[in-house]
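One structure below.
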Amino acid sequence: MKYQSTRGGCPEQNFEQVLLTGLAPDGGLYVPTELPQFSKSEIASWCDLSYSELALKIVTPFIGDEIPAEDLRKIIEDSYAQFDHVDVAPLEKLGDEEYVLELFHGPTLAFKDFALQVLGRLLEYVLRKRDQRVVILGATSGDTGSAALEGCRHSDHVDIFILHPHNRVSDVQRKQMTTVPGDNVFNLAVEGNFDDCQRIVKSAFADQSFLPEDRQLVAVNSINWARILMQIVYYFSASLRLGGPERAVSFSVPTGNFGDIYAGYLAKKMGLPIDQLVVATNKNDILHRFISNNDYSVSELAKTYSPSMDILVSSNFERYLFDVFDRDGAAVADLMARFGKDVCSIPDDKWARVSAMFDSASVDDEKTCEVIASVYAESGMVLDPHSAIGVEAARQTRRDQGAPMVTLATAHPAKFSEAITAAGLASPKLPPHLADLFEREERFSVVANDLAAVTDFVATHARR
Ligand SMILES: *Cc1c(COP(=O)(O)O)cnc(C)c1O
């Protein structure tokens, strides 16, 4: 399988090359040059497979012969053996044809584990084969950091540096990152906000001359294609359990960087019958305004109870726009230079495709808490605030007589107890493997909000 940049300005790459990088050199994101297609009968034949076996079927065509089948099988099996539920991604019934797909049974309690457990093992496999070492540098507003650290800490060929905004992540989120052991694991608390962290990371990727000579930077946020790839699997898994592919299923997805919902879009393009795809946003609603009204104007960032969706501009949206613009890289490059600034809409015929593909809704904090309380009263289920936004968006947009609606529950409620207590419920308990989290020793370094402070730190701490 070959990959190309959404901005059309650089040569095609193979899976391994795409895995070991971040953005394409032209500033675009890598996407496969073509998507594998699965027939209904082929999908139906997978209905008795375990989660790992299903994952192997779906991701193999994207990797081709670059990793031998048996090695890939072991990487995937080891990854999902870290989850503490036999179904890996269990489906719970909430109401009439209404379901919740629980994606928080991995080591760090958010759906990020689905991709980052695999990504860490893939990196170690490929780097060992190439006898190469790399530096992972990433910025996190919370969930990505802990999942990346947990996924990569066993990798001998990786040093991992995660930036988080000092004093601006929740206690559970900070503890989950700063208590990860390992002499290749570094947490940097930057004296700034999340955007400052992201800006520093972006500048570091653009000029990597600070690194020891034989190193390069690898991205672990969802600009890395392998992240998206692993998230396609659970759409198939949920559908198969609800009578798919014979009948279509709808999905509602709490959305920040548009990675998770983009994976659902790809599943649909690969042949999985999906009816509605619902983009669920919080008050930071640029995607909802664009999908419902062709309005892509960037507003001020609002802080909400669902911080993993507090994002102004979603990086993966460019991957989808590449299709909307008929895979014309030059047109995408031109649009991205101005989109959200002096250009806030796209031509009507193109936008019509967007509004036909997605439904959307925006849910504020007050409503989020109401939904957490009412779902608990109805069913005894405690939703985390991101998942509650998904359930509410599903209820607002579901068509009459529509397909079964599955909301992706993206995090465990114990990660976001502020919203749960604001909804009037008791603070949820951490699962057993994290019960002693608050007694564990923390390690992190506070650094100035400054590129050189970060690159100096990386240069001196990367293992020789
Ligand atoms: C990352 C995250 C999201 C947003 O996912 P995207 O792929 O960025 O759209 C939603 N909820 C939770 C809990 C997350 O950690």
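Data for the structure
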{"item": "Search result, residues across the range 226-259 that are part of a loop (DSSP other than H, G, I, E, B), within 14 Å of the ligand (Cβ to nearest atom) and of a type outside the set (F, W, Y)", "result": "I232, T255, G256, N257"}
{"item": "Residue check, Y296 in a loop (DSSP other than H, G, I, E, B), over 22 Å from D196 (Cβ atoms), in contact (Cβ under 8 Å) with a residue 24 or more places away in the chain and open to solvent by less than 40 Å² (accessible area, probe 1.4 Å)", "result": "yes"}
{"item": "Pairs, first modelled with pLDDT of 95 or more in the range 252-264, second charged (D, E, K, R) and near the ligand (Cβ under 6 Å from one of its atoms), C-beta under 7 Å, six or more apart", "result": "V253/D260"}
{"item": "Residues of the range 93-110 satisfying the condition of being closer than 24 Å to I162 by Cα, open to solvent by 20 Å² or more (accessible area, probe 1.4 Å) and touching a strand residue (DSSP E or B) at 6+ places or on another chain (Cβ under 9 Å)", "result": "F104"}
{"item": "Enumeration of residues in the range 437-448 that are over 25 Å from the mean Cα position of the chain (by Cα) and open to solvent by less than 70 Å² (accessible area, probe 1.4 Å)", "result": "E442, S445, V447, A448"}
{"item": "Breaking point among (1) touching a residue at least 60 places away in the same chain (Cβ under 8 Å); (2) within 16 Å of the ligand (Cβ to nearest atom); (3) over 27 Å from A204 (Cα atoms); (4) open to solvent by less than 20 Å² (accessible area, probe 1.4 Å), for L119", "result": "(3)"}
{"item": "Residue satisfying all of: in the range 54-82; open to solvent by 20 Å² or more (accessible area, probe 1.4 Å) and part of a loop (DSSP other than H, G, I, E, B); nearest to P431 (Cα to Cα) among these", "result": "Q82"}
{"item": "Out of E370, E378, E392, E366, sole residue that is open to solvent by 60 Å² or more (accessible area, probe 1.4 Å), within 27 Å of V172 (Cβ to Cβ) and touching a strand residue (DSSP E or B) at 6+ places or on another chain (Cβ under 9 Å)", "result": "E378"}
{"item": "R199 being over 17 Å from the mean Cα position of the chain (by Cα), of a type in the set (D, E, K, R) and part of a helix (DSSP H, G or I)", "result": "yes"}
{"item": "Strands (runs of 3 or more DSSP E) wholly inside the range 85-182 containing at least 1 residues that are under 19 Å from the mean Cα position of the chain (by Cα), closer than 26 Å to S315 by Cα and charged (D, E, K, R)", "result": "98-102"}
{"item": "Residue match in the range 336-358 (condition: surrounded by fewer than 16 Cβ atoms within 10 Å (Cβ to Cβ), among the hydroxyl-bearing types (S, T, Y) and within 23 Å of the chain's Cα centre (by Cα))", "result": "yes"}
{"item": "The range 262-287, residues that are open to solvent by less than 40 Å² (accessible area, probe 1.4 Å) and over 30 Å from E42 (Cβ atoms)", "result": "A280, T281, N282, N284, D285, I286, L287"}
{"item": "Criterion violated by Q4 - all others in (1) touching a residue at least 40 places away in the same chain (Cβ under 8 Å); (2) open to solvent by 60 Å² or more (accessible area, probe 1.4 Å); (3) not charged (D, E, K, R) satisfied", "result": "(2)"}
{"item": "Listing of helices (runs of 4 or more DSSP H) fully contained in the range 345-464 that carry 3 or more residues being closer than 20 Å to H288 by Cβ and modelled with pLDDT of 95 or more", "result": "348-357, 365-379, 385-397"}
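The values are calculated or read from the model by the stated rules, or taken from the named source; none is laboratory data. This structure is a prediction, so every number in the text was calculated from the model and none was measured. Counting neighbours? That spans all protein chains shown, and the Cβs are built from the backbone with ideal geometry, glycine included. Keep in mind that these areas ignore ligands, DNA and RNA; they rest on the heavy atoms of the full protein, side chains included. Shrake-Rupley method; radii C 1.70, N 1.55, O 1.52, S 1.80 Å.
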